[in-house]
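The values are calculated or read from the model by the stated rules, or taken from the named source; none is laboratory data. These numbers come from a predicted model, not from an experiment. As a convention, Cβ positions derive from the backbone with ideal geometry for all residues, glycine included, and neighbour counts pool all protein chains shown. Only protein heavy atoms, including side chains, enter the accessible area calculation; ligands, DNA and RNA are left aside. Shrake-Rupley method; radii C 1.70, N 1.55, O 1.52, S 1.80 Å.
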Amino acid sequence: MAQLVRTRVREPEAIAEAAAKRRRRELVGDSGRLMIIAADHPARGALGVGSDPMAMADRADLLERLCLALSRPGVDGVLATADILDDLLLLGALEGKVVMGSMNRGGLAGAAFELDDRFTGYRPRDLRRLGFDAGKLLLRVDYADPGSLTTLEATARAVDAMAARRLPVFVEPFLCRRSDDGVLRNDLSAAAVTRSIAIAAGLGGTSAYTWLKVPVTENPDDMARVMETSTLPAVLLGGDLAGDADAAYEKWRGALRLPTVQGLVAGRTLLYPADGDVAGAVDTAVGLL
């Protein structure tokens, strides 16, 4: 940690130099599958894992967990924001890995403006300049909130800008609503996930470089029908399973066999397993592919 700080103070240009020298790879390798570790939660103020509201607040600990996860066989890469990816570049942890930049983190967790999910992270031109491999954006739509249209339009333009640079963009769509207590909750019913996929797939002037990042439905048996909504390639997202890793693995197992599902993007479940065994959790997830 101290060395990272010293480099940032004395040699900030080292980050761009490390990005320029980074050994790249194809998005999808010989296995035809993708295993990505997600760590873009902190930039949205979402630091909690399970019962610990500040689990991801210790940056040195998070980086250690990420480096361990990235070192495991079968792990293809990482999804994160600039602060974390810059650290990983300086640590040399991104060599030969897929690097996916998180694009919109403006919808801070729990904020009154949470659905105003502006593009405060990587821009398409940043991803191209740094030689990164893909981008990811979050698309939450509340039918009762007129502001959702702003996010939809911004997402469509981001899809266009990524396609113009031939960069894959992973769109993570949800239909959501605020409960009586004001908390924003994603609807994981089969009907809601189906509609969210249909909406996301149609955004922009081309879908050639669009991937979907989708949750497993409340009833995992619904996934086969839900994933028939689009021909776009998709990956499953992980989420915070409150320590119930076995339930997560079981939900992922069946969905990963579906034709359009190409892999898994998971973070907290693998980085902060209840038993503390990050390597074991990651290896188990890789084995599902």
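Here are the numbers:
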| item | result |
| --- | --- |
| Residue within the stretch 100-114 that is out of contact with any Cys (no Cβ under 8 Å at 6 or more places or on another chain), farther than 18 Å from Leu138 by Cβ and not in a loop (DSSP other than H, G, I, E, B) present | no |
| The stretch 27-61 - residue that is acidic (Asp, Glu), in a loop (DSSP other than H, G, I, E, B) and at pLDDT 95 or above and, of those, nearest to the chain's Cα centre (by Cα) | Asp40 |
| The stretch 104-137: number of residues that are over 17 Å from Glu153 (Cα atoms), touching a helix residue (DSSP H, G or I) at 6+ places or on another chain (Cβ under 7 Å) and open to solvent by 50 Å² or more (accessible area, probe 1.4 Å) | 1 |
| Conditions (1) part of a helix (DSSP H, G or I); (2) modelled with pLDDT of 95 or more; (3) within 29 Å of Val159 (Cα to Cα): number failed by Ala279 | (3) |
| Close pairs (8 angstrom Cβ cut-off, 6 or more residues apart or separate chains): free of Cβ contacts under 8 Å to residues at least 60 places away in the same chain in the stretch 213-226, open to solvent by 60 Å² or more (accessible area, probe 1.4 Å) and outside any helix (DSSP H, G or I) anywhere | Pro215/Asn186 |
| Of residues in the stretch 119-132 being outside any helix (DSSP H, G or I) and under 17 Å from Asp160 (Cβ atoms), the one nearest to the chain's Cα centre (by Cα) | Tyr122 |
| Selection status of Gly74, closer than 28 Å to Arg257 by Cα and modelled with pLDDT under 95 | no |
| Near pairs, Cβ below 7 angstrom, 6+ apart or cross-chain, from the stretch 1-28 (within 23 Å of Asp58 (Cα to Cα)) to any residue that is among the small types (Gly, Ala, Ser) | Met1/Ala60; Thr7/Ala14 |
